[in-house]
1. Calculate the FRET efficiency for TYR219 and HIS374 from the Cβ-Cβ distance with a Förster distance of 45 Å, rounded to the nearest 0.05.
2. Label point 7 Å out from LYS106 along Cα-to-Cβ: which residues of the range 1-23 have amide N under 19 Å?
3. Determine, for the range 77-167, the count of lysine pairs separated by eight or more sequence positions (or lying on different chains) whose alpha-carbon distance falls under 26 Å.
4. Which loop GluC sites (Glu not before Pro) in the range 79-177, with loop taken from DSSP, have no more than 14 other Cβ atoms within 10 angstrom of their Cβ?
5. Using r as the Cβ-Cβ distance of ILE361 and LYS145, and R0 as 51 Å, what FRET efficiency do you calculate, to the nearest 0.05?
6. Starting from the 7 Å offset along Cα-to-Cβ, what nm value, one decimal, do you get for the label separation of MET45 and LYS3?
7. Which distance in nm do the two modelled labels at ASP128 and GLN25 give, with both placed 7 Å along the Cα-to-Cβ direction?
8. Check TYR150: other-chain or 5+ apart residues with amide H under 5 Å from its amide H, H built from backbone geometry?
Amino acid sequence: MAKNKVKNWQIQREMYYPYEEVRPQKQFAAVFDINKCIACQTCTMACKHTWTTGKGQEYMFWNNVESKPYGFYPLAWDVKILDLLGPQKWEGKVYKGNTIFEAAPKGQVAQGYIPEEIDWAHPNIGEDEPSGSIDKGDFITMPHKVWHFYLARICNHCTYPACVGACPRKAIYKREEDGIVLVDQKRCRGYRECVRACPYKKVLFNNTTKIAEKCIGCYPLAEQGHQTQCVTTCIGRIRLNGWLHTPDKPDPANPVDYLVHIKKIALPLYPQLGLEPNIYYIPPIHVPLPYLIQMFGPDAANAVAAYKNAHKDETLLGALTLFGSTEFWSAKFRVSKGIVTGYGEKGKELVKVPLKEPVFIRPFHDEKLQVYRHNIT
Ligand code: SF4
Ligand code: SF4
């Protein structure tokens, strides 16, 4: 298998990949703020109803939300790939261990495995299960001694997709115009090499049609400037779509660039795997740091500190306030006089949101109506 050296900014070094480095004109990306997810699964159902109601798709959740540390879909997906990968050492911001491409067994493109059918059968396994039991007399500390959090997941539309690299039919491709990764269903022959290679297990096999399927980044919506179904329906307003530049050319006025590259508050999921995934997470602030570093890389401590200080940083607060405020993609944002404004690609104003919601206090006793109010704000 031909191997090329490519630059992966998330691990701050070059690495091997089956194809040359080709970056799209613009890259589909999203930021998910874990601190706000309530595991209502509205995103999961919105995606399911939109894209996976057909035969052979019954078990499929292109979007899923799992409770960490003990929730998984499929069973133990991250524990298994981390175990197969071996030691994952960071020296500062540079990853010194192997990526899944560098750890590939002979004859394969990436280290991986195909989950068993039963592994997909319990998408809610471990839901709300905390990391341990709470002892009598315990009190809450930061980070929490006993904790859990909700990890919402979709395909990462990776810059170096293992699914693309592993497909012997070249049936999976990354679109030049927006970096969305798609399966050409006419070319796919169902060898499942993509299922084996994707460490996030976000390519799924349709047992009726016998071909691979995956999240399509809601591309018909993206092409019209609309954010994805999982983003616009999110009850917790934890999500924001955006176009991401590379760290050498960030646009500080682009909200996703700002969160990922400028403030470095939104981090990739398991960057050590080497795929340069493009869904970024604001890590949970109540979880012990070693776990966060393993999951989101060495910037986790800084991200938590920046998030805790967001109330003192008007621009950051503005970018965070844009989440869930409009169904359209905001290409730019600006904060002025306590209001954040989102703009479309051609500069059109899309949305205006105050950073602080106004509060009106009404009298407990309304003289005019002669009533008492119990809820007075
Ligand atoms: S997350 Fe998996 S399916 Fe999605 S682009 Fe990356 S390797 Fe492919
Ligand atoms: S809709 Fe939003 S808040 Fe609800 S589970 Fe999905 S990501 Fe979390």
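No value in this document is a laboratory result; all are computed from the given coordinates. Note that the structure is a prediction, hence the values are computed from the model and not measured. Neighbour counts run over all protein chains shown; Cβ positions are idealised from the backbone, glycine included.
1. Computed FRET efficiency for TYR219 and HIS374 comes out at 0.35.
2. Zone members listed by number: 1-3.
3. Lysine pairs meeting both conditions in the range 77-167 amount to 9.
4. In loop regions of the range 79-177 (DSSP not H, G, I, E or B), the sparsely surrounded GluC sites (Glu not before Pro) are GLU116, GLU176, GLU177.
5. 0.85
6. 4.7 nm
7. 4.8 nm
8. Placed amide hydrogens put LYS68 under 5 Å from TYR150.
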